[in-house]
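What follows is a set of notes on a single structure, which appears directly below.
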Amino acid sequence: MNIGSYELMSGSSAYFTCPDNPAYALGASDFTIEAWIKSFEGGPILGKQVSGRAGFCLSVDLGSVTLSTKSSSGQYATLTVNNIGVCDGTWHHVAGVRAGSQLHIFVDGTALSGTMTTSGTPPLSISSSDRLTIGAVDDSAVPKQFFAGELAEIRLWKEARKLEDVNHLMGRRIKAGNLSANLIGYWPGEYGIASDFSITHNDTSSVGMPMMSGSQPPLTVTQPDMTFLFSGIYDTWSRDLQPEGSWTSLKQFSLTSGGFVLMDNIVLQNTSIKGTIIQWLAQSDLPGMSLSFFDTGSDPNFWDLPQKRSVIQGFVPGSPKMTIIKGLFRPMRVGCGLLLNVGTSRILANRSGKPVLVDKSASSHDHVCEYENGGILEMSSNLAIQAAAARPGVAVSFETPALSSLEQAWTFQPDGTVALTSNPTVGLSAGADRITVTTALSDSSDDRQKWLGLSDSQRIYNGQSQTSVISVSDSGNVRVVTNSDGTSKHLWYTFRSSLISESNALALTVTGAPQNARAGTALIIDVWHPGNTQQQFVLNGSVYVHIDSNLMLSVREDGAVVLADILDNPPPTAKWSLGQPVAQANITASVTDIEGLAFAKASNPFDVEYVVTIETGDYIAAGTDDSVDISLTSGSKSLPFQRLSNSELHADPFERGCMDIFRFRAPDIGPIRGFTIKYGADTWFYRGRWVVNSISVTASAYRGQIAQWNSLNRENLLFVMPALYSGRFTIFDISGKDTMSMCMAPAQDAIGGYFGWYHTWIEVTNPGKPVVKTYFDCAGGHGGEGTIDNVITGSCSREDAVLMSTGFPIDAIHPLQATYGTNRTDGYQNAGVRADGKLKWDGQCHQMANRYLWVCNPRISIDDAFQKPYGYQLSVWAFGKYGVGFTDWLRNCGFKDIPAETSDNIYTWIQTAIPAVNVARSVFAAALAFQSLFSKTSTPDPDGPEVKDLLGKMRSGGATIPQIAKATNLTEDAVKKLLPK
């Protein structure tokens, strides 16, 4: 899913404006402006400033950020930070703060020193009756009056936000239920909607043609409720039943990832989301409504024909005409970027309403977007590519998007061709003149029918300095220069083993014939072709190697990029990294074994088992179906790339919120210190947005060590995996740590025993002698008939486990006990989880066990176990993975690195049990309704009517008894007993 941001195109003078509002009467008080920006030119971000009048403005320019304040008498106080790169074509977070008489500027979570210039005595009164502008400023004295680029998460606060406050929220979308009274302006940019989402709800108008961008900053969007499945934009209609009328078009309905509800651009207030139902009372000129969401629509009261997309079905409460409402989900963007025609080396563009092929220039902005229904839309006009007919040799045009048009639905093939979905023998092709776009008889050998989607460019850093990057010159030479703002010549797209310049869509190329490649051969840029071996490179550790010649890239004294012989200890000029300076990537491996060339020399080439564990983020659209390859490095050698496809835990790896384990055997290269991920290497079009939480590696030759990389330490910024990324592991020595094991056995209570549910408990054992075991009984006991030991194990500190259990450390007042929490249901010594089955029910033994497993390093949970206890997933649906109040318990215990959210990935788990998408979505809706009902039940019962109703809805929704059993972790016999008769 592509949520997007605001796009203000260069030269368009596009911006947003809001009328004056009492909330903006800041006077001499504190305030904060912040936003995410992506630009090559810069300009004003947000301001309320007119020539000769009081006001304020936060702006960026090439190499600088400025926060300015002015009084009505002409006095000013301005802070400028220079020599800072924020207009480099990548996303940056910028904040300007006034705190008393001081001004502060934060960039990407760091406070920067700048130059303060003043006249008069700050803080100055900045109140005026002028309008507020976003992406522009009304002061003619400002050199750049318009912003050019992309903006998102624009926020205006009537308080001085501290650096830690800014960092806490900079990587997150603000949710509808978490609006602060001090947030007086909030324009998130989701779906390009021009609305103020803050409590001010000020009118926001568009000037010029602001657009929705296909790009978005690295923001976390955690959604434990129905917004995960149903967020998006819907076309809506209404119809009266008394007297019966026809369907009449209504306003556009939007449900954002943060839970905001809009009709057109009006942000509705006091909405209620319960299960899959949204309700609100009458407000403004809108009646109150009660809307239910479904994954498909077939009710004849709403639909003449069955709908295969998400729908809304609802009514207007109390309407004398018994008005009903329906809505149909609009297709979502899958990805956006340039679309390069391989045969012509030109990009698809809109010129006077016609699709044509043009040469890529540094200033061209001809992005197209792929939609989930197969539509290809040009971003600036929002028009779709349409064939004149479903046959070869006809013209192609831009037309208004239409869901029912067979000539607008295209299939992106894995070989790079694009075919009509209704007739796959018809492909999209460059015309014979290399300019026009037409259809042709599908032929995968014809490069004019091959298209490459280019997005998410990044810099290639050289080890000479923190700012040394590869750049292209106008003459086609490739050099290492100092990174600078205002140019795309430093940015590169990656596809397979090729590097393609953003400035002109030409590829990094070794000069001359392949047989003549040798040390000293220079590199240039040239027309890209997927089979050209002179354009194929691999990043092994910190060394970039030309695959065909087995020579590495280095930098000559004059800055030219050349080939060089591979060295065991390469100099800084031969070290590289993508997306971050080499010193930050800190991958020091040199490469003497490239793509397995030296492995044949080993007497036993596959003598070490490597185990790679990857956790995908539990955020909206965080998973991916694109290919993932990993190369491990030790500091002296690197392994060849290994395709990660066969997860031990999931048939479909890298889904949202899932942990995947991969095993492979390879030579012993020493203790693992770093990695390189190659993501979406075979994806011709737009890669999915893969969010990665952590990567860990163990090697059988080095037991007792875990190499771990964790993106969650990045100030809450969501880490979106680029096409190629190198990272350095943190090494954990677990050889002397305690071992935590989760064990389980059939439940002995009347209900649990009758339905075959399992009780879980935790054992902690020290590595040395004498062996001391500590039991955490999770409100029951431990051991007994049918016990399964070591269901999942991890490394921990016994002290942390006791702290989690009791809230107190082991000391003289709280000495170590042999057992904790035995048969206690009031939360005592059970990690704060109450389980008495009445009003104060926070979870079951499964939630207690997960809380203990949370203290392991690296962290694990029952989700990672091969065999989950019966009843586990049902308890997760009711209480969440860690039970109610987990983050509060962590704070009370004094734990650090507390997660921002602990939502549970219900839908992904359902999909693993129920492959059919329509059935899985129906079951998900039933699970949400179950959560809502269960939370309001005064005496919840694990075999009560709520559980039986859930299983009944799952069955009627198309799930089989074995599927229900797998999705809930119940036995099939238990499902049969609980299903309504």
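Annotations for the structure displayed:
- First in segment 732-750 and of a type in the set (Asp, Glu), second anywhere and modelled with pLDDT of 90 or more and open to solvent by 80 Å² or more (accessible area, probe 1.4 Å), Cβ under 9 Å, 6 or more apart: Asp738/Glu799
- In segment 673-701, the residues that are polar (S, T, N, Q) and assigned to a strand (DSSP E or B): Thr676, Asn693, Ser694, Ser696, Thr698
- Residue in segment 325-332 that is in contact with a helix residue (DSSP H, G or I) (Cβ under 9 Å, 6 or more places away or on another chain), in contact (Cβ under 8 Å) with a residue 12 or more places away in the chain and either farther than 20 Å from Lys251 by Cβ or part of a loop (DSSP other than H, G, I, E, B) (or both) present: no
- Residues located in segment 947-970, provided they are assigned to a helix (DSSP H, G or I) and open to solvent by less than 30 Å² (accessible area, probe 1.4 Å): Val947, Leu950, Leu951, Gly952, Met954, Ile964, Ala965, Ala967, Thr968
- Matching residues, segment 518-535, being assigned to a strand (DSSP E or B) and either open to solvent by 30 Å² or more (accessible area, probe 1.4 Å) or over 16 Å from Val562 (Cβ atoms) (or both): Ala522, Ile524, Asp526
- Count - residues of segment 607-661 that are closer than 30 Å to Leu229 by Cβ and either open to solvent by 30 Å² or more (accessible area, probe 1.4 Å) or not β-branched (Val, Ile, Thr) (or both): 27
- Here Ser542, Ser554 are screened, and the one residue that is open to solvent by less than 30 Å² (accessible area, probe 1.4 Å), under 20 Å from Lys678 (Cβ atoms) and among the small types (Gly, Ala, Ser) is Ser542.
- Residue in segment 153-170 that is farthest from Ile199 (Cα to Cα), counting only those that are surrounded by 20 or more Cβ atoms within 10 Å (Cβ to Cβ), modelled with pLDDT of 95 or more and of a type in the set (A, V, I, L, M, F, W, C): Ile154
- Selection from segment 913-929 of residues that are in contact (Cβ under 8 Å) with a residue 60 or more places away in the chain and either under 30 Å from Arg834 (Cα atoms) or part of a loop (DSSP other than H, G, I, E, B) (or both): Phe924, Ala925, Leu928, Ala929
- Within segment 87-114, residues that are more than 26 Å from Ile126 (Cα to Cα) sit with their Cβ atoms under 6 Å from residues that are open to solvent by less than 10 Å² (accessible area, probe 1.4 Å) and in a strand (DSSP E or B), at 6+ positions apart or across chains, in these pairs: Cys87/Ser39; Cys87/Gly42; Gly89/Leu491; Trp91/Trp36; His92/Ile37; Asp108/His93.
- Condition met for Asp20 (under 14 Å from Asp196 (Cβ atoms), surrounded by fewer than 24 Cβ atoms within 10 Å (Cβ to Cβ), assigned by the TED database to the domain that holds Phe146 and acidic (Asp, Glu)): yes
- Counting only strands (runs of 3 or more DSSP E) wholly contained in segment 29-142, the ones carrying 3 or more residues that are among the hydrophobic types (A, V, I, L, M, F, W, C) occupy 31-48, 55-61, 76-82, 92-99, 102-107.
- Verdict on Gly670 being open to solvent by less than 20 Å² (accessible area, probe 1.4 Å), within 24 Å of Asp568 (Cα to Cα) and either assigned to a loop (DSSP other than H, G, I, E, B) or not polar (S, T, N, Q) (or both): yes
- Residue in segment 157-168 that is free of Cβ contacts under 8 Å to residues at least 24 places away in the same chain and either closer than 24 Å to Gln49 by Cα or of a type in the set (A, V, I, L, M) (or both) present: no
- Scanning segment 343-355 turns up no residue that is touching a Phe, Trp or Tyr at 6+ places or on another chain (Cβ under 6 Å) and more than 27 Å from Ser39 (Cα to Cα).
- Residue check, Val538 outside the structural domain of Lys489 (by the TED database), part of a strand (DSSP E or B) and not polar (S, T, N, Q): yes
- Residue in segment 229-242 that is touching a strand residue (DSSP E or B) at 6+ places or on another chain (Cβ under 7 Å) and open to solvent by 60 Å² or more (accessible area, probe 1.4 Å) present: yes
- When segment 749-779 is filtered for residues that are under 20 Å from Gly944 (Cβ atoms) and either in a loop (DSSP other than H, G, I, E, B) or charged (D, E, K, R) (or both), the ones remaining, listed by number, are Asp749, Gly756, Trp757, Ala779.
- Subset of segment 143-152 [in a loop (DSSP other than H, G, I, E, B) and surrounded by 24 or more Cβ atoms within 10 Å (Cβ to Cβ)]: Phe147
- Considering segment 171-190, and only residues there that are of a type outside the set (Gly, Ala, Ser) and assigned to a helix (DSSP H, G or I), the residue that is surrounded by the fewest Cβ atoms within 10 Å (Cβ to Cβ) turns out to be Asn178.
- Options Leu291, Leu305: the member that is of a type in the set (A, V, I, L, M, F, W, C), free of Cβ contacts under 8 Å to residues at least 24 places away in the same chain and not assigned by the TED database to the domain that holds Asn918: Leu305
- Members of segment 302-322 found to be in a strand (DSSP E or B) and open to solvent by less than 20 Å² (accessible area, probe 1.4 Å), listed by number: Val311, Ile312, Gly314
- When Pro210 is tested against (1) farther than 30 Å from Ser310 by Cβ; (2) surrounded by fewer than 24 Cβ atoms within 10 Å (Cβ to Cβ), exactly one condition is not met: (1).
- The criterion of at least 1 residues that are charged (D, E, K, R) and either in contact (Cβ under 8 Å) with a residue 60 or more places away in the chain or assigned by the TED database to the domain that holds Asp626 (or both) is met by the following strands (runs of 3 or more DSSP E) wholly inside segment 423-498: 458-462, 478-482.
- Candidates Leu491, Leu508, Leu454, filtered to the one that is open to solvent by less than 50 Å² (accessible area, probe 1.4 Å), within 32 Å of the chain's Cα centre (by Cα) and at pLDDT 95 or above: Leu508
- Qualifying residue in segment 677-696 (condition: surrounded by fewer than 22 Cβ atoms within 10 Å (Cβ to Cβ), modelled with pLDDT under 85, touching a Gly at 6+ places or on another chain (Cβ under 8 Å) and acidic (Asp, Glu)): no
- Subset of segment 391-414 [part of a loop (DSSP other than H, G, I, E, B) and under 37 Å from the mean Cα position of the chain (by Cα)]: Thr400, Pro401, Ala402, Leu403, Ser404, Ser405, Ala409, Gln413, Pro414
The values are calculated or read from the model by the stated rules, or taken from the named source; none is laboratory data. All values reported here derive from a predicted model rather than from experimental measurement. Don't worry about glycine lacking a Cβ; one is built from the backbone with ideal geometry, like all the others, and counts go over all protein chains shown. The accessibility values were calculated without ligands, DNA or RNA, using every heavy atom of the protein model including side chains. Shrake-Rupley method; radii C 1.70, N 1.55, O 1.52, S 1.80 Å.
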